Each structure stands twice: as C-alpha cells, then as structure tokens.
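**Q** Shown below is the structure under consideration.
Please treat every number below as a calculation from the coordinates, not as lab data. Keep in mind it's a predicted model, so treat the numbers as computed, not measured. Heads up, the Cβs are rebuilt from the backbone with ideal geometry, glycines too, and the neighbour counts pull from every protein chain shown.
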Amino acid sequence: MKKQILKSRVIWTFCSGGGGKIAFTMSEILLSLTIIGVVAAITLPSLTGNINERTWNTQRKALYARFSQGLALMPSLSGYGTYQLADATAGTSAQDTAAETFVTEGLSKVIKINNICDHDHLQDCGIVTSYTNLAGSIKTWPTKLSEMNSMFTGTWNDGGSNGGTNYQNPQKNIDTKAAAFETQNGESIAVYYNPNCQADMGEGWHYSQPKMCANFIYDLNGNKGPNTVGKDIGFITALYPSDPIVVAPVPLAQNVSGTKKQTEAGEACTKLDAESRLPNRDELSAMFYNRDLIGIASGSFWSGSVISSGESGTAWDQGFNTGHRDPEPRSVGYLVRCVKR
C-alpha cells in the first residue's frame, strides 16, 4: 500500500503493529511550552492578587464583626490604666499603663487574645517596624498616640464654641504609648488608647479627637507582607465610652477630583468607583485619626451624615488639618474621599 508523506507540520511514524501516528516536532513542543509560560506569567499574578484580595476582605469583615460585638459588651471604654505626666514640683514620675491595661483588663475579657505585648515589645506580637501607606509612601509604624496623629497632642484654635481661644479639654497633652496583641486567627493588632474619651453630646462645631476611645491598627497576617494599607493593613476605631460606635472604613486610594457640594458628593463617589460610597461622620473621623495611614495631610472632607436635607440643608464635614468637625451648608464645596462598600 502506498503511503503518502505529508508535507504539513506533522510527521508519520511507524510502529511494529503498522499504522501511522501523528506527533509534534521538538521545536513545536518547545514553542508551545514557551507560549504557555508567557501566558502563565501574565495571568498568575493577577489571579493570585484577586485571591489575596478576597481573602483579606473576608478576614477584615470577620475581624470587624468580632470587635463590634466584643466592644459592645464592655460597660465603658474609658478609664483603664494610669496616665500621668512627670511633675518635678510635685515629685511625681511619669506613668503610662493605659493602653496595656485596656487590653489586659478590658479587651481580653470580650475578645479572644493569644498574646499581649507592651510598648517596648510590639514586634513580639508581629507588629512590623514600617509599612506602605495608601498613598504609596513608606512610613514608620507608630508606637504612641502622637505618632499615630500629631493632632492629639497639639494646641488647636477653636474658632467656634470657645470664641477663638485655645481649645482646652481632657484630651490635651495625652500621649499614651501603644500596646499590641495577637488574635487566635493570626492577626497582629496595635492599640492606641485615650482613657479620657468623651461621649457624643450633640454638640455643633467641635473637635473629634476627644471622641476617640481606642484605635486599632491591624495587620491581617502579621509580618508576612505585603504590609500595605488597603491590603493586609487597616484600622478599626471605637468612638464614645458608653454605647460605642465601632467603624472600620476602607478608603479608596485617591480623592474625587476637585471639590464637590455635599449634595453631589455621593454621586461623585459612584462615578469614581461603582462599589464606593461617602463615609459617615464617625467613619470620616476615624479616617482623620489614621490620616498618616491613608496619606491625607490636610483639607476639609464631606461626610454622608446629613443634618437637614435639601440644597439649603447642612451636613457634617471633617477637617484633617486640626480635627474639627462641624455642620456646614451642603452647598459648600469640600473635598471627597470615598470608602468601599
């Protein structure tokens, strides 16, 4: 039987049993493997990134749920530990057990904690020495309240309720040291605590610093990396000592372009990212407390918390320069930073 030799890109081979089989040449196999390798190199990082993002989102939501439930069980978030400045006249030395006591005597009773570390041993709880903030800058991990946000220990001019005088309150000069702990799920969490935090008293123009009781900066996988805000690093904030409000906003990496009226701000968020929204008043205050993590140094930002409706109504804004928050006409143009839903 006449056998035809194909002039295509395959060759005929003959086995002992007769009958031809089609096979690829070595060069064709190598070319195919090269193509597969290139495609894998392009797609695998994206697939891995998506998997990590979903894992972090799930873990972040679970952590927030545990904190919300646990902190609600505490009778009060204020008053833990001792914070005392050195006073040479009175002959007293500085004392600071506030954050550590808050964890050991308060938080550990309502949240399962594996390991607790004092200010001098934060790294023993998986806290890294530096991280990448949301703006892409490398920052040193804060070890006390003023390093988290310098506006907690500054002097601020109160142009509203106190008639332009320097703002004096129990918050001033408090600069507690951080403590840290590890959870059963492997999260590393640093705690920044204000033992003199104040309730929401229905004020008008006021500063948001005294309203913060505890701020938690978490790293979902300890020091494994990427140690980046918006990925494995984020924050949870508890405001008000009784009936606390616990928030954990996840800000987008950039502002909405330009300034917007408050009546336009929500729609501007949706246009920037369909899965985003305006932060409420307390979420926006939490973003101010963690402004270094986000990379916002200044500016006034709109919240989604409306006091009175309509174009002529008012809503809450948050100042990132000093920490003031106050009702403003919704028709005023302020900056907008959206958060993920």
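**Q** Over the chain, what is the mean sequence separation of C-alpha contacts under 8 Å (at least six apart), divided by residue count, expressed as relative contact order in percent?
**A** Computed value for the chain: 14 percent relative contact order.
**Q** Let me ask you something else. Find the Cα radius of gyration of segment 262-340, compare it with 2.2 N^0.38 Å by division, and give the number to two decimals.
**A** Working: Rg = 11.7 Å, N = 79, 2.2 N^0.38 = 11.6 Å.
Taking N as the residue count of segment 262-340, the ratio is 1.01.
**Q** Can you list the aspartates and glutamates whose alpha carbon is less than 19 Å from that of LYS177, not counting same-chain residues fewer than 8 positions off?
**A** ASP87, ASP96, GLU100, GLU105, ASP118, ASP120, ASP124, GLU147, ASP219, ASP292
**Q** With 27 Å as the limit, write out which pairs from LYS139/LYS261; LYS61/LYS261; LYS261/LYS340; LYS109/LYS340; LYS109/LYS231 have Cα-Cα distances beyond it, or answer none.
**A** Beyond 27 Å between Cα atoms: LYS139/LYS261; LYS61/LYS261; LYS109/LYS340; LYS109/LYS231.
**Q** Related question: Can you pull a Stokes-Einstein diffusion coefficient for the chain at 20 °C (1.002 mPa s), Rh from Kirkwood over Cα pairs, as a whole number of µm²/s?
**A** In µm²/s, the coefficient is 94.
**Q** Note the full-extension length gain between GLU53 and GLU105 as 0.36 nm times their separation in residues minus their Cα-Cα distance, in nm to one decimal.
**A** Difference between extended and current length: 15.3 nm.
**Q** Also, I was wondering about something else. What's the FRET efficiency of ALA86 with VAL38 using the Cβ-Cβ distance as r and R₀ = 45 Å, to the nearest 0.05?
**A** 0.10
**Q** Pick out the long, greasy-scoring helices in the chain: whole DSSP H runs spanning 30 Å or more along their own axis by Cα, mean Kyte-Doolittle at least -0.5.
**A** 26-72
**Q** Given contacts defined as C-alpha pairs under 8 Å and at least six residues apart, what's the relative contact order of segment 253-341, whole-number percent? Intermediate results must be reported in sequence, preceding the final value.
**A** Working: 178 pairs, mean separation 34.8, N = 89.
This gives 39 percent for segment 253-341.
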